[in-house]
Amino acid sequence: MRIGILGGTFDPPHKGHLALANAALKELCLDRLIFVPAFLPPLKQKIDLTPPADRFAMVRCAIREEPRFEVSDCELKRKGISYTVDTLRFFRKQYPEPAELFFITGGDWGKTLDQWKEIDVAFSLAHFVVAKRPGFKTDGLRPEVAFLDFVPLNISSTGVRDRLARCEMNVSEIPDSVLEYIRQHKLYHS
Ligand code: ATP
């Protein structure tokens with residue numbers, strides 16, 4: 001079995017995440033891909049995250065049309081700083097060998113890998129796959145890292161949040177189901 005893991009804050013989830021996840025499904029021949037919303041991302045400066053329950057629910061809305069996509073609350077339940085190595089240990093227990101784990105990340109994270117907690121342990125638990133992302137160079141990465149052939153979309157949660165805060169309610173970068181959830185729960189309004 002081949003399992004993909006896509007971590008992030010998903011604040012909110014957008015079509016860039018889905019494009020990345022779909023490319024990973026196809027290119028890596030995954031049986032399932034698990035979205036893992038972080039409780040507290042280690043290297044992000046943003047501290048005013050949308051509550052975990054809302055981010056989890058929005059991911060659930062975003063992925064509902066693809067049966068091979070799942071969402072896990074393991075980092076939300078664990079609380080504290082969401083280190084990838086701990087998450088990979090958790091999934092390794094759930095999916096022992098010979099299952100293969102693929103940790104997928106966007107190009108903005110590739111250069112930071114050396115700063116991640118116990119990165120060599122993490123490399124021993126999963127294949128690391130980095131996807132291109134506009135504005136980020138992906139040359140000179142560690143040899144353990146593979147590349148995902150992916151046509152990136154220039155979308156970020158930061159851009160989506162800015163537009164929603166300006167009350168632009170027709171934000172095409174997020175799935176309709178997510179926009180509906182945001183409207184119902186009145187999220188991201190300044
Ligand atoms: P923010 O703007 O709040 O920093 P984000 O758009 O980067 O958020 P995250 O939830 O942090 O979204 O991203 C989760 C994962 O998806 C990360 O590995 C990130 O690199 C990747 N990712 C997000 N958007 C894209 C995109 N447009 N193309 C490729 N990868 C992406």
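Specify the angular offset, from 0 to 90 degrees and rounded to the nearest 10, of the alpha carbon long axis of helix 52-62 from the longest principal axis of the alpha carbons in the chain. Approximately 90 degrees, to the nearest 10.
Given a cut-off of 32 Å, name the pairs among LYS77/LYS137; LYS117/LYS137; LYS15/LYS186; LYS79/LYS186; LYS15/LYS137; LYS26/LYS186 whose C-alpha atoms lie farther apart than that in the structure shown.
Numbers: LYS77/LYS137 34 Å; LYS117/LYS137 22 Å; LYS15/LYS186 20 Å; LYS79/LYS186 25 Å; LYS15/LYS137 21 Å; LYS26/LYS186 35 Å.
LYS77/LYS137; LYS26/LYS186, as the Cα separations exceed 32 Å there.
A 1.4 Å probe run over the chain, with the rest of the protein chains in place, finds 52 Å² accessible per residue. The apolar share of the surface of the chain, taken as the fraction of accessible area on carbon and sulfur atoms (1.4 Å probe, ligands and nucleic acids excluded), comes to 52 percent.
Using the Cα centre as the reference, give the magnitude of the dipole from point charges on the C-beta atoms of the chain (Lys, Arg: +1; Asp, Glu: -1; all else neutral), rounded to the nearest 20 debye.
Numbers: 27 positive and 25 negative charges, 72 e Å.
Dipole size: approximately 340 debye.
Across the stretch 72-85, coupling constants 3J(HN,Hα) worked out from phi with the 6.51/-1.76/1.60 Karplus curve, θ = phi - 60°, read 10, 9, 4, 6, 5, 6, 5, 6, x, 6, 8, 7, 4, 4 Hz, and Gly and Pro carry x. In the stretch 40-170, taking the dipole from charged Cβ atoms about the Cα centre, the farthest positive-side position among THR87, GLY106, ALA53 is held by ALA53.
Between LYS186 and LYS111, what length in nm is gained on full extension when 0.36 nm per residue of separation is reduced by their alpha carbon distance? Walk me through the numbers on the way to the answer.
Details: separation 75, 0.36 × 75 = 27.00 nm, distance 3.54 nm.
Result for the pair: 23.5 nm of gain on full extension.
Taking the charge dipole of the chain about its Cα centre, with +1 at Lys and Arg Cβ atoms and -1 at Asp and Glu Cβ atoms, the residue from ASN22, PRO152, SER172 reaching farthest to the positive side is SER172. Comparing PHE69, PHE150, PHE128 in a Gaussian network model of the chain (Cα springs below 10 Å), the most mobile by mean-square fluctuation is PHE150. Measure nothing fancy, just the Cα-based angle from helix 15-27's long axis to the longest principal axis of the chain, in degrees from 0 to 90, nearest 10. Taking Cα atoms only, the helix is inclined about 30 degrees.
How far, in degrees from 0 to 90, does helix 176-185 lean away from the longest principal axis of the Cα atoms of the chain, to the nearest 10? Taking Cα atoms only, the helix is inclined about 60 degrees.
For the residues LYS15, LYS132, LYS77, a GNM of the chain with alpha-carbon springs under 10 Å puts the largest fluctuation on LYS77.
Residues whose amide H comes within less than 5 Å of that of LEU40, counting only those at least five positions distant or on another chain, are SER82 (H built at 1.01 Å from N in the peptide plane). Each principal axis of the Cα atoms in the chain has its own extent, and those three values, largest first, are 46, 33, 31 angstrom.
The values are calculated or read from the model by the stated rules, or taken from the named source; none is laboratory data. Nothing here was measured: the structure is a model prediction, and the numbers come from that model. When we count neighbours, we look across all protein chains shown, and the Cβ atoms used for this are built from the backbone with ideal geometry, even at glycine. In case anyone asks, the SASA skips ligands and DNA or RNA and just uses the protein heavy atoms, side chains included. Shrake-Rupley method; radii C 1.70, N 1.55, O 1.52, S 1.80 Å.
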